[in-house]
């Protein structure tokens, strides 16, 4: 329960931190997508309901604070969470390079959907101006995800004595009895 | 049964549908700032303020640091410049003072019709037992023992020990120094004997002679060492009360022994055959 109480606050903290960091390091030109990394983390490590809640809240907060069309990032994050969650059922996520690769793909997908949305709805062609930025952003997200997962794994280790994620996970995110 | 089997799929579908509806609604109708957005923004405001304050504090600290680094660099440069300018100024001052001193020394040449050698003082010894100067000219420069040494405006001493390139000057105030002098006003003769920090003592002046404080004393020229008329000093103390035939008279030398840096060695009257030969050649 405490998770659901703290989740909105954490979502706000993370998104504000993301905006601040982007402003400090890249003058707002590049987004440090901590919220996306958190969604990917949820996809790999949290159970389904908690992950859905996190993705929704993170997306909604980002929509509200970033000035994007309300609902857009909520939808993106939901889709990304589902994608990562289903991927995590198929592959083991212990290796950091897998996480980095998945993060890179997710970030690129998010950018692609964003470009498509703007092209279809607003008839804006973002590919010319934004493409290098989006690629850079995907790489940055990939690197960030490694750090984020490492820190979270250390935190989990300190808290539970072991990480939540195991080689084989179930729908509820728990440990499979077979493993 | 159907719901139980597919509840996850239905849940996911419902959520995605809700998100799509939210997006479509916002795309179709420009809702502006919705209540939800306002709530999130209100909630995020203190957090944003906190982050901004932190970032600002760090930025300010960094700027101050950079500013201080700049100041330090500037300060170092300015200090360097000041030091260089002070050195330069010091050189000019030294040059000016030296020029003034040399001008005074050269004025001796106009005062006395003799030949002079200019020399620089390279050492001083003003101890209890010996009061001498060391100058940078010697035998190779034509100096000889006994030559009078002058600074403006009068006599300083005489050469005693001569080496090839340097010499020692026995000062007037040295206890071993004796100069035959006379009081300019009354032409009374006496011997100026060195008395260290008291200057000189004028010896062998009878009590009946008229001697006053302030009388100028010059060389008498009776010895072969000093030519006549070189300024020696002024009478600073006269005592006729004590027992004895002679007055007790102190002289204050004209030459300032403490600050002397250049001297003139007087060669006239000491022109020896060697020098004459040179001239004739």
Run residue A:22 past the list (1) in contact with a helix residue (DSSP H, G or I) (Cβ under 6 Å, 6 or more places away or on another chain); (2) buried (at least 18 other Cβ atoms within 10 Å of the Cβ); (3) without any contact (Cβ under 8 Å) to a residue 40 or more places away in the chain; (4) more than 10 Å from chain B (Cβ to nearest Cβ) and report the number of the one that doesn't hold. (1)
So, residue B:17, is that one assigned to a helix (DSSP H, G or I), more than 30 Å from residue A:120 (Cα to Cα) and free of Cβ contacts under 8 Å to residues at least 60 places away in the same chain or not? no
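Residue by residue, here is whether (1) crowded, with 24+ Cβ neighbours inside 10 Å; (2) facing chain B (nearest Cβ under 10 Å); (3) out of contact with any helix residue (DSSP H, G or I) (no Cβ under 9 Å at 6 or more places or on another chain) holds:
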site	(1), (2), (3)
A:60	no, yes, no
A:71	no, yes, no
A:76	yes, yes, no
A:79	no, yes, no
A:82	no, yes, no
A:87	no, no, no
Just to be sure before I move on: is residue A:46 under 20 Å from residue A:152 (Cβ atoms) and either free of Cβ contacts under 8 Å to residues at least 12 places away in the same chain or away from chain B (no Cβ under 13 Å) (or both) in the structure I sent? yes
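Residue-wise test of (1) touching a strand residue (DSSP E or B) at 6+ places or on another chain (Cβ under 9 Å); (2) crowded, with 23+ Cβ neighbours inside 10 Å.
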| site | (1), (2) |
| --- | --- |
| B:165 | no, no |
| B:169 | yes, yes |
| B:187 | no, no |
| B:207 | yes, no |
| B:218 | yes, no |
Could you please let me know if residue B:71 is away from every other protein chain (no Cβ under 14 Å), surrounded by 13 or more Cβ atoms within 10 Å (Cβ to Cβ) and assigned to a helix (DSSP H, G or I)? no
Exactly one condition in (1) more than 22 Å from residue A:139 (Cα to Cα); (2) touching a strand residue (DSSP E or B) at 6+ places or on another chain (Cβ under 8 Å) is false for residue A:88; which is it? (1)
Which numbered condition residue B:122 fails, given (1) part of a loop (DSSP other than H, G, I, E, B); (2) more than 20 Å from residue B:223 (Cβ to Cβ); (3) at pLDDT 85 or above: (1)
Within region B:220-231, count every residue that is within 16 Å of residue B:176 (Cβ to Cβ) and crowded, with 21+ Cβ neighbours inside 10 Å. 1
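For (1) surrounded by 10 or more Cβ atoms within 10 Å (Cβ to Cβ); (2) at pLDDT 80 or above; (3) at the interface with chain A (Cβ under 10 Å from one of its Cβ atoms), each residue gets a yes or a no:
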| position | (1), (2), (3) |
| --- | --- |
| B:1 | no, no, no |
| B:13 | yes, yes, no |
| B:21 | yes, yes, yes |
| B:31 | yes, no, yes |
| B:82 | yes, yes, no |
| B:94 | yes, yes, no |
Residue B:179 vs. criteria touching a strand residue (DSSP E or B) at 6+ places or on another chain (Cβ under 7 Å), in contact (Cβ under 8 Å) with a residue 40 or more places away in the chain and crowded, with 21+ Cβ neighbours inside 10 Å: yes
Tell me, please, whether a residue that is part of a strand (DSSP E or B) and under 30 Å from residue B:181 (Cβ atoms) can be found in region B:98-108. no
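Here's the yes/no breakdown for (1) closer than 30 Å to residue A:58 by Cα; (2) in contact with a helix residue (DSSP H, G or I) (Cβ under 9 Å, 6 or more places away or on another chain):
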residue: B:27; (1), (2): yes, yes
residue: B:39; (1), (2): yes, yes
residue: B:46; (1), (2): yes, no
residue: B:65; (1), (2): no, no
residue: B:71; (1), (2): no, no
residue: B:83; (1), (2): no, no
residue: B:90; (1), (2): no, no
residue: B:93; (1), (2): no, no
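The values are calculated or read from the model by the stated rules, or taken from the named source; none is laboratory data. Not measured: the values here are computed from a predicted model. FYI the Cβ positions are ideal-geometry reconstructions off the backbone, even for glycines, and counts take in every protein chain you see.
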